[in-house]
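Accompanying notes for the structure given below.
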């Protein structure tokens, strides 16, 4: 655990609170799906909380974020209010995308959160473009681009890494390797399963980190971000993690053994972190209880906000296809 | 007014854009050192430098996607896809990002992007390099499609696109680059969505765009000798479609022939024909006729390619048949 | 009302029921039936027309007196105050 | 039964993982369900003890069905009511998917709005479109308008009242076509009867004395009403051919043949002739004749008669043998009224007599029934006050 970030009590507890918020938010989403409040597709982040929370510590307010359809964790870690995310999954007009995107398409331009993207790999070129714009405008910022191990199979992954490296663009490629591309294990969809080594093909610096250890994730991401901000061009950080739930709500998980899931659950990122906090003198029982009740209230308030939200008027169906004509 | 070629008119437009707006930059295969595969961006690299005239790797999906990302990032990119034939590699970015982000984000995001593509056949490049697919793109709400047929419009529509907050796709027929025509010195942006009557007539309305305008005017001249007075309408933009100008003309002539280099079935001509039927049903003395490409992959041999493409003779013949059959 | 005014009214009524007839060349003393193609409906409409323009209610029994133009004028002149 | 996949509406409970009396906490797997996507675990979201299993393994139930009852621990978050939040129903499908088809362009000035089919049909039948006013929305002329114009076998007179030059020729052509077809296809048979009009005419004269000029009746109206009432007793004569079948018409609308100035005739129907009082019948009859002869009647205004009456008495014709107008199945002709010797109670007296002739389609009616019809007309004319 070299290069451990200097940890003060507030920061330590905040990391925990953020991970618990994501966990409880996702559990509530699952519940709401079973009673039809949330429809369509729903991809839960449970098990990968440390990745979103850890990486987000190294991403500043001026940085851009491009994520995937499993983006609830990133959105919450970025600070988008749980209420506007829940309302979006309800399809309400008060949702963060006005009810137009749903679970897979969270947008919040005020927080430079450029979307959940449902086409695997579709977000990578967008991230490259955002970084290109920042470079051309000599704007000191990086673009954090999240994608899964499945995206590594897309042509756009290779084109994007090449173009970013070629033009030395400030892109922080963050590969959340949860070992499965939906129902296809890593070794069954990649010839080279050590994903970070793919950066070598584009002369791009890379690193790998245990995605279940939020402190390690934060440290690795700070190092990677520093490299990008230093002007050396893009960086590929592979975060090895695991999702405790099915790919989406409609997945009978035939492709993996229950035993394997249990083994990974034994390394639950929240439990791991809680276990180490006392040795650092940060956590007392009331702190944990306070975090749980605070999160529970926040999630309940999010549900109330979503339930109360108005539906969009059908008359507005054709809005937002083109810019409103100003002339 | 100065006489210049279609390609020079575009270059003037690009130069004016690059000079007047620091946010503008060009991206595309061989647009820099090579000077552009159709010589449109010739010597722009020397004038504006590699930051703003960027040769790209052969990664259409990613550099077009990067164009979208840069547009999100505050730039005004002009992406050149060498020909519409290679745009197929970037269809996902066009359909699922460029055309969709504004809607999916509930109106938070606009994509002020210009994409230029050469299009059409007639140069014996055989099946993979001779497509005319404007009709596909015109099917997609969220983007705009223009097809300049004259040097004046080549510059005018480019300048108009620069002012447009939504993605504009400019289709330049590959046989037009050498066409000469008068261009205003102080070029004023043309209006996207407004058709032009290139020749007035009373007997029949010939409707076309882009590369087919020349052949259509030739057909009108041939028909004039036979006492058939044809009106020729250059649509100039496919989406939005200026159907009112078309209907006003059909209201006068009561006959319409549409000339479109796309394949007949599900062609753009089919859409124009449907809208004429919907809007001008009682003004028709004959069924709307369509002169399109033969439904074959474009053959290489000249006599075969000519047989496949609409020609002045086949356009004139369609009019004679219409008058013969329906009086 | 002068005889000429009455004659004009009669011709107007005839024009209503036989628009195509050339009334100017109508012989005043020859029966209408021989010069114009009239049936009982035409006669009824003619009588209704006269009633409307001159206010004279002509009973069916007097129809024979209206057989010619002069006859009509005589008959009506006697009844119009 | 939880909703476990995007388009799940029902599920089959395969196995229970808990039984009555077991305690469960949030997140426990309580059962397994077979869905369209395969076997999926069912998670419980509230802690408590399983009180009762309601659905047995193997049962397929719709989503939302209560599978088991769990008595919650005090203070546990209540289970969410399974009411999916459904957005409001679309106000109307049209508005939601309003197709933006271009609005119908106004037609060039002076160009009638005519459907292509109607334009072609009119050309085939030699019907002058400019005289037609379509019954369609906004006066659009469609197939039915052309067919009605042709069926009236007469072209509506051209507007200007001046003598019509080419009309008789075109008229002759249209009437000729219909008559030829009628003669060829319909097996006509004829019956005639002589009717004493004494009572009818006497009543008429007295009746007219009590009426103002404008309400005066003609004897023709008595004949028409008698025919209409008689048809109630022999309805098959009031049938219309619909394709291959002659269908008795619901209403009785007698078409009265009216000769037009300068030749040709039209047969406007007097609607519900049997139910109209004589005064009303006379008024609409007079109005139709007056407008027809002064060129004001549009073919579209003339509703389709169910039978026709033609009277040529005034032209001195004694009896008429008319041709049926398709798609009707009968026609009644009346000759002139003539004073002739007639025996009454053994005495020979002079009486105003009229010959009524019935031409009928033998495919639809027979002589016996036709005879009853003519007898009914005669009987009705003997009691004019009841017409």
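The values are calculated or read from the model by the stated rules, or taken from the named source; none is laboratory data. Nothing here was measured: the structure is a model prediction, and the numbers come from that model. FYI the Cβ positions are ideal-geometry reconstructions off the backbone, even for glycines, and counts take in every protein chain you see.
A few points about this structure:
- Listing of strands (runs of 3 or more DSSP E) fully contained in segment B:210-288 that carry 3 or more residues being under 22 Å from the mean Cα position of the chain (by Cα) and more than 30 Å from residue D:138 (Cβ to Cβ): B:237-239, B:256-263
- Which numbered condition residue D:225 misses (of (1) within 14 Å of chain C (Cβ to nearest Cβ); (2) out of contact with any strand residue (DSSP E or B) (no Cβ under 7 Å at 6 or more places or on another chain); (3) at pLDDT 90 or above): (1)
- In segment D:137-154, the residues that are within 12 Å of chain B (Cβ to nearest Cβ) and at pLDDT 80 or above form Cβ pairs under 7 Å with partners that are surrounded by 20 or more Cβ atoms within 10 Å (Cβ to Cβ) and assigned to a helix (DSSP H, G or I), at six or more places apart or across chains, as follows: D:141/D:118; D:142/D:118.
- Among the residues of segment D:352-363, those that are in contact with a helix residue (DSSP H, G or I) (Cβ under 8 Å, 6 or more places away or on another chain) and buried (at least 21 other Cβ atoms within 10 Å of the Cβ) comprise D:354, D:356, D:358, D:360.
- Breaking point among (1) touching a residue at least 60 places away in the same chain (Cβ under 8 Å); (2) surrounded by 20 or more Cβ atoms within 10 Å (Cβ to Cβ); (3) more than 10 Å from every other protein chain (Cβ to nearest Cβ), for residue A:131: (3)
- The criterion of at least 2 residues that are more than 25 Å from residue A:43 (Cβ to Cβ) is met by the following strands (runs of 3 or more DSSP E) wholly inside segment D:1-69: D:10-16, D:48-53, D:60-62.
- Counting only helices (runs of 4 or more DSSP H) that fall entirely inside segment A:72-145 and contain at least 3 residues that are in contact with a strand residue (DSSP E or B) (Cβ under 7 Å, 6 or more places away or on another chain) and under 22 Å from residue A:21 (Cα atoms), the qualifying elements are A:72-78.
- Some residue of segment A:31-40 being surrounded by 23 or more Cβ atoms within 10 Å (Cβ to Cβ) and within 28 Å of residue B:71 (Cβ to Cβ): no
- Qualifying positions in segment A:190-228 - within 14 Å of residue A:147 (Cβ to Cβ) and at pLDDT below 95: A:190
- Sole residue being closer than 16 Å to residue B:109 by Cβ and within 11 Å of chain B (Cβ to nearest Cβ), chosen from A:121, A:155, A:116: A:116
- Meets criteria (without any contact (Cβ under 8 Å) to a residue 24 or more places away in the chain and either part of a loop (DSSP other than H, G, I, E, B) or surrounded by fewer than 20 Cβ atoms within 10 Å (Cβ to Cβ) (or both)) for residue D:291: yes
- Meets criteria (under 22 Å from residue A:212 (Cα atoms), surrounded by 11 or more Cβ atoms within 10 Å (Cβ to Cβ) and without any contact (Cβ under 8 Å) to a residue 40 or more places away in the chain) for residue A:278: yes
- Any chance residue D:319 is closer than 23 Å to residue D:285 by Cβ, in contact with a strand residue (DSSP E or B) (Cβ under 9 Å, 6 or more places away or on another chain), part of a loop (DSSP other than H, G, I, E, B) and in the same structural domain as residue D:237 (by TED's automatic domain parsing): yes
For every residue, the table says whether it meets (1) surrounded by fewer than 24 Cβ atoms within 10 Å (Cβ to Cβ); (2) touching a residue at least 60 places away in the same chain (Cβ under 8 Å); (3) closer than 23 Å to residue B:263 by Cα.
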position	(1), (2), (3)
B:122	yes, yes, yes
B:127	yes, yes, yes
B:130	no, yes, yes
B:151	no, yes, no
B:161	no, no, no
B:164	yes, no, no
B:172	no, yes, yes
B:176	no, yes, yes
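- Failed criterion for residue B:136 (all others in (1) farther than 21 Å from residue A:156 by Cα; (2) within 9 Å of chain A (Cβ to nearest Cβ) hold): (2)
- Any chance residue C:62 is closer than 22 Å to residue D:206 by Cα, modelled with pLDDT of 85 or more and assigned to a helix (DSSP H, G or I): yes
- Residue count, segment A:288-327 (criterion: more than 9 Å from every other protein chain (Cβ to nearest Cβ), in contact with a helix residue (DSSP H, G or I) (Cβ under 6 Å, 6 or more places away or on another chain) and free of Cβ contacts under 8 Å to residues at least 40 places away in the same chain): 0
- Selection from segment A:58-84 of residues that are over 11 Å from the mean Cα position of the chain (by Cα), within 13 Å of chain B (Cβ to nearest Cβ) and buried (at least 24 other Cβ atoms within 10 Å of the Cβ): A:64
- Scanning segment D:323-336 for residues that are buried (at least 20 other Cβ atoms within 10 Å of the Cβ) and touching a residue at least 40 places away in the same chain (Cβ under 8 Å) turns up D:324, D:325, D:328, D:329, D:330, D:332, D:334.
- Scanning segment B:139-154 for residues that are within 27 Å of residue B:96 (Cβ to Cβ) and more than 10 Å from the chain's Cα centre (by Cα) yields B:139, B:140, B:141, B:142, B:143, B:144.
- Within segment C:30-41, the presence of at least one residue that is assigned to a helix (DSSP H, G or I), within 11 Å of another protein chain (Cβ to nearest Cβ), closer than 25 Å to residue D:260 by Cβ and in contact (Cβ under 8 Å) with a residue 12 or more places away in the chain is confirmed.
- Residue match in segment A:192-208 (condition: in contact (Cβ under 8 Å) with a residue 24 or more places away in the chain, closer than 23 Å to residue A:79 by Cα and not in a helix (DSSP H, G or I)): no
- Conditions (1) closer than 27 Å to residue D:115 by Cβ; (2) assigned to a loop (DSSP other than H, G, I, E, B); (3) in contact with a helix residue (DSSP H, G or I) (Cβ under 7 Å, 6 or more places away or on another chain); number of the one not met by residue B:298: (1)
- Selection status of residue D:94, surrounded by fewer than 17 Cβ atoms within 10 Å (Cβ to Cβ) and modelled with pLDDT under 65: yes
- In this structure, residue D:122 does not satisfy being within 11 Å of chain B (Cβ to nearest Cβ), buried (at least 16 other Cβ atoms within 10 Å of the Cβ), at pLDDT 80 or above and not in a loop (DSSP other than H, G, I, E, B).
- Of the helices (runs of 4 or more DSSP H) that lie entirely inside segment B:18-95, those containing 3 or more residues that are more than 8 Å from chain A (Cβ to nearest Cβ) span B:44-48, B:84-87.
- Test: residue in segment B:197-204 that is more than 14 Å from every other protein chain (Cβ to nearest Cβ) and closer than 24 Å to residue B:71 by Cα: no
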